[in-house]
Amino acid sequence: MIPPGSRRQAQLTCLGGENKKNDLMMIPLILIADETALRNEIVEHFYACGYTMNSVGSLAEFSAGFASATHAVVIADLGQQREPGFEFIRKLRAQGEQLGIIVISDLAGSAQKVAGLIAGADHYVAKPLDLGELSAIVCALSRRIAAAGVSPCWTLNATRRRLIPPGKAPIDLTAQAYTVLQAIASGDRRPVHRRKIVEALGGNYLHYDQRRIDTQMYELRKTVLNAAGVELPVRAARGQGYQFTAEIEVRA
């Protein structure tokens, strides 16, 4: 349970002690917690602070839904599942994932904390949970991720025509592939109509073979998966075109 009075202090921590949010709150979070009440309380708190947070109820659900392309920090309530939880962390690190990992546990004591940190966690927090402390840890970890140059979102480099997934090496693009992604990115996570994509390519929408766009997207997905091991966060918007489902910015 979260101690009474923790919520107000946590809110002030999130807002930097003032009624404003900082840029680090764009860092996307994912929470693993099997206690529904605790999960809802943590999610509600971080939403109120301006974060984007997904949540799952088990390590298995996390494994099925996690994507390094859309998550930068994971908060894992391991309860009393020490070994399964620590093994899960070791696997993430072995895969080269650069995301931040915060462990919440029912098991207190320095030996437990040391074991969690050795497994690969960045922080280990014992219950009862203090939202103010958790918020401060997330803010500090977000700053460290930003300082290390691990962008929480996808990046399109206009100068070199490259796509950069979060925490991954840049992927070189053809001129056509770059133009397609730039057009879709202009939608700011909203659907971009096929007409706009075709016109960006210099084509005539009424005479353009629409299947060429679908083929281009297929090839792009395959290129990204092969190069970075992650899915390209672009989905087809029925009756419209395509849209990014993750944050993306275009840089010169």
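Working only within the range 231-252, note down all residues that are within 21 Å of the chain's Cα centre (by Cα), surrounded by fewer than 16 Cβ atoms within 10 Å (Cβ to Cβ) and either touching a residue at least 60 places away in the same chain (Cβ under 8 Å) or closer than 12 Å to Leu163 by Cα (or both).
Thr245, Glu249, Val250, Arg251
Going by the structure shown, is Ala200 within 13 Å of Gly241 (Cβ to Cβ), modelled with pLDDT of 90 or more, touching a Ser or Thr at 6+ places or on another chain (Cβ under 6 Å) and aliphatic (A, V, I, L, M)? Answer is yes for this residue. Residue check: is Gly120 at pLDDT below 90 and not assigned by TED's automatic domain parsing to the domain that holds Ala237? For Gly120, the condition - at pLDDT below 90 and not assigned by TED's automatic domain parsing to the domain that holds Ala237 - is not met. Restricting attention to the range 221-252, which residues are closer than 16 Å to Arg190 by Cα, outside any loop (DSSP other than H, G, I, E, B) and hydroxyl-bearing (Ser, Thr, Tyr)? Once the filter is applied, which keeps residues that are closer than 16 Å to Arg190 by Cα, outside any loop (DSSP other than H, G, I, E, B) and hydroxyl-bearing (Ser, Thr, Tyr), the range 221-252 yields only Tyr242. Taken together, the residues in the range 233-252 that are acidic (Asp, Glu) and over 19 Å from Tyr178 (Cβ atoms) amount to 0. Entry remark, the range 199-212: residues being touching a helix residue (DSSP H, G or I) at 6+ places or on another chain (Cβ under 6 Å) and in a helix (DSSP H, G or I) number 1 in total. Under the condition of being closer than 17 Å to Pro165 by Cβ and not aliphatic (A, V, I, L, M), the residues counted in the range 195-230 number 6.
Of all the residues in the range 125-146, those that are loosely packed, with under 15 Cβ neighbours inside 10 Å and assigned to a helix (DSSP H, G or I) number 3. If you go through the range 110-124 and keep only what is part of a loop (DSSP other than H, G, I, E, B) and of a type in the set (Gly, Ala, Ser), you end up with Gly120, Ala121.
Can you tell me which residue in the range 212-230 is farthest from Met53 (Cα to Cα), limited to those that are surrounded by fewer than 16 Cβ atoms within 10 Å (Cβ to Cβ) and at pLDDT 90 or above? Talk me through it step by step, then tell me what you get.
Initial filter on the range 212-230 (surrounded by fewer than 16 Cβ atoms within 10 Å (Cβ to Cβ)): 212, 214-215, 218-219, 221-222, 225-227, 229.
So of that shortlist, the ones also at pLDDT 90 or above come out as 212, 214-215, 218-219, 221-222.
Values: Arg212: 35, Asp214: 31, Thr215: 33, Tyr218: 29, Glu219: 30, Arg221: 25, Lys222: 27 Å.
Top of the filtered list is Arg212.
Say whether the condition of being over 18 Å from Gly241 (Cβ atoms) and either exposed (fewer than 15 other Cβ atoms within 10 Å of the Cβ) or in contact (Cβ under 8 Å) with a residue 40 or more places away in the chain (or both) is met by at least one residue in the range 180-191. Spell out the reasoning first.
The initial filter retains those residues of the range 180-191 that are over 18 Å from Gly241 (Cβ atoms), namely none.
No, that holds for no residue.
The values are calculated or read from the model by the stated rules, or taken from the named source; none is laboratory data. Remember, it's a predicted structure, so these values are computed and weren't measured experimentally. FYI the Cβ positions are ideal-geometry reconstructions off the backbone, even for glycines, and counts take in every protein chain you see.
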